[in-house]
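Just so it is clear, none of the values below were taken in a lab; they were calculated from the coordinates. Computed from a predicted model, the values in this text were never measured in an experiment.
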């Protein structure tokens, strides 16, 4: 292998390493975002359930008042 070939190979290996590191960072950010959105979804589902229960309780009270 000539000196030029080795330099070209070393350059390509360096590019691959940089691409790998960039993708690794992006992957970590995406995983953190996914965790955040899962937590947000869980919070919104709980909030929605609480609102549904309150509305159902109000409807029940109105029905009781109506029947009195």
On alpha-carbon atoms, Rg over Rh for the chain using Kirkwood Rh?
-> 1.69
Max mean-square fluctuation residue, GNM over the chain, Cα-Cα springs under 10 Å, options 56, 26, 40 = 56
What number, rounded to the nearest 500 deg cm²/dmol, is the helix-based mean residue ellipticity at 222 nm of the chain, given -39500 (n - 2.57) per DSSP H run of at least four residues and division by all its residues?
-> -36500 deg cm²/dmol
Measure nothing fancy, just the Cα-based angle from helix 3-67's long axis to the longest principal axis of the chain, in degrees from 0 to 90, nearest 10.
-> 0
